[in-house]
């Protein structure tokens, strides 16, 4: 009886995570606001912008979009993996991956998104190098951080492959 009660409490405690995912939905709206502000700035300064400024503006929009995708992946996959299954019935435009991303897939998607975001930040830093707004030391650290993310992704993929081969 005591064991069943403890197990029931533990099983129901997964719902404590639901407010976290709702908070991430709020964060998506904040990100949307920042995207809108960046887009407005980009469009209003387009005529006077150099080619480099245009590319940097586009990269900023892509960066915000990838970050939004990352948050969305965490919301859906995390909720599905840790809280409750989502029933895609009745939603004809429901993306297939949303109900099939396990924890391993979630980790891989997260790291792939982080690597892409890091690469965009690095590219933006390279483009700002000639403007004097980026020091070589800062650029070096951005490269090191990016290489660490890439290396972590490779190690994670390799360890997941080894783990899957044993099963």
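When the residues of the range 120-137 are filtered to those that are within 23 Å of the chain's Cα centre (by Cα) and free of Cβ contacts under 8 Å to residues at least 40 places away in the same chain, the one that is farthest from residue 65 (Cα to Cα) is 126.
Quick one: would you say residue 46 is in contact with a helix residue (DSSP H, G or I) (Cβ under 8 Å, 6 or more places away or on another chain) and within 25 Å of residue 119 (Cα to Cα)? Judged against the criteria, residue 46 is a match. Yes or no: residue 46 modelled with pLDDT of 95 or more and farther than 17 Å from residue 80 by Cβ? So residue 46 fails the test. Suppose the filter is touching a residue at least 40 places away in the same chain (Cβ under 8 Å) and at negative phi; does residue 22 pass it? Against the criterion (touching a residue at least 40 places away in the same chain (Cβ under 8 Å) and at negative phi), residue 22 does not qualify.
Being free of Cβ contacts under 8 Å to residues at least 12 places away in the same chain and outside any helix (DSSP H, G or I) is a description that does not apply to residue 37.
Scanning the range 76-94 for residues that are part of a loop (DSSP other than H, G, I, E, B) and over 15 Å from residue 13 (Cα atoms) turns up 85, 86, 87, 88, 89, 90, 91, 92, 93, 94.
Residues of the range 138-155 that are touching a helix residue (DSSP H, G or I) at 6+ places or on another chain (Cβ under 6 Å), in contact (Cβ under 8 Å) with a residue 24 or more places away in the chain and surrounded by fewer than 16 Cβ atoms within 10 Å (Cβ to Cβ): 150 alone.
Results for (1) loosely packed, with under 14 Cβ neighbours inside 10 Å; (2) at pLDDT 85 or above; (3) out of contact with any helix residue (DSSP H, G or I) (no Cβ under 9 Å at 6 or more places or on another chain), shown as yes or no for each residue.
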| position | (1), (2), (3) |
| --- | --- |
| 40 | yes, yes, yes |
| 55 | no, yes, no |
| 71 | no, yes, no |
| 76 | no, no, no |
| 80 | no, no, no |
| 86 | yes, no, no |
| 109 | no, no, no |
| 126 | yes, no, no |
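The values are calculated or read from the model by the stated rules, or taken from the named source; none is laboratory data. Every value quoted in this text rests on a predicted model; they were computed, and no experiment measured them. Heads up, the Cβs are rebuilt from the backbone with ideal geometry, glycines too, and the neighbour counts pull from every protein chain shown.
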